[in-house]
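Data block below; observations after.
The values are calculated or read from the model by the stated rules, or taken from the named source; none is laboratory data. Note that this is a predicted model, so its numbers are computed, not measured. Please note: Cβ atoms are built from the backbone with ideal geometry, for glycine as well, and neighbour counts cover all protein chains shown.
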Amino acid sequence: MQIRNNIEQNFFNKFVSLLSRKGSITKAKLVVTLTFKKLKKRFKQPLSLLLIRAWKKLDVFVESRKVRVRRNFHWVPFTVSVKRRILLALKWILTTALQNKKKIPLSSKLYHEILLVEKGLDSDAFKLKALNNASAQSNRANMHYRW
């Protein structure tokens, strides 16, 4: 029971920190709590399991970073830590929710995006994951710039 609460609290804090970069912390907390309440109401199972499943569907192991070598910049694939993988998945969900142009509250946009990821439907977060994987795949030749 305590583990689930810690997982939910972890995801809650990460969502709030990502949202608070765009505005105030109190508004971010309100948006995330409304989203989590809607998700708990929709699914009759613990929220932590839902969030972990959504994270697993967006999980990625490699990302490309810009590295400067001899006055040139190269995109180099790097392996990603678990903390960074969680942050990337949440960031993709949040950016796709923020890019949604519908005139509904942000909590509803975030709720719908998490639902799309959970159901495995065509979500923009999956497109961002595919773009990340394609970038890492296309820049494999630059791996030697890591050292």
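Observations on the structure shown:
- Qualifying residue in the range 105-118 (condition: modelled with pLDDT of 85 or more, under 24 Å from K38 (Cβ atoms) and outside any helix (DSSP H, G or I)): yes
- Within the option set R84, R68, being over 19 Å from the mean Cα position of the chain (by Cα) and outside any loop (DSSP other than H, G, I, E, B) holds for one residue only, R68.
- Inspection of the range 20-30 finds no residue satisfying the criterion of being within 15 Å of E113 (Cα to Cα) and either within 15 Å of the chain's Cα centre (by Cα) or not polar (S, T, N, Q) (or both).
- Residue within the range 21-40 that is touching a Lys or Arg at 6+ places or on another chain (Cβ under 6 Å) and surrounded by 13 or more Cβ atoms within 10 Å (Cβ to Cβ) present: no
- Qualifying residue in the range 125-132 (condition: under 16 Å from the mean Cα position of the chain (by Cα), crowded, with 18+ Cβ neighbours inside 10 Å, assigned to a helix (DSSP H, G or I) and among the charged types (D, E, K, R)): yes
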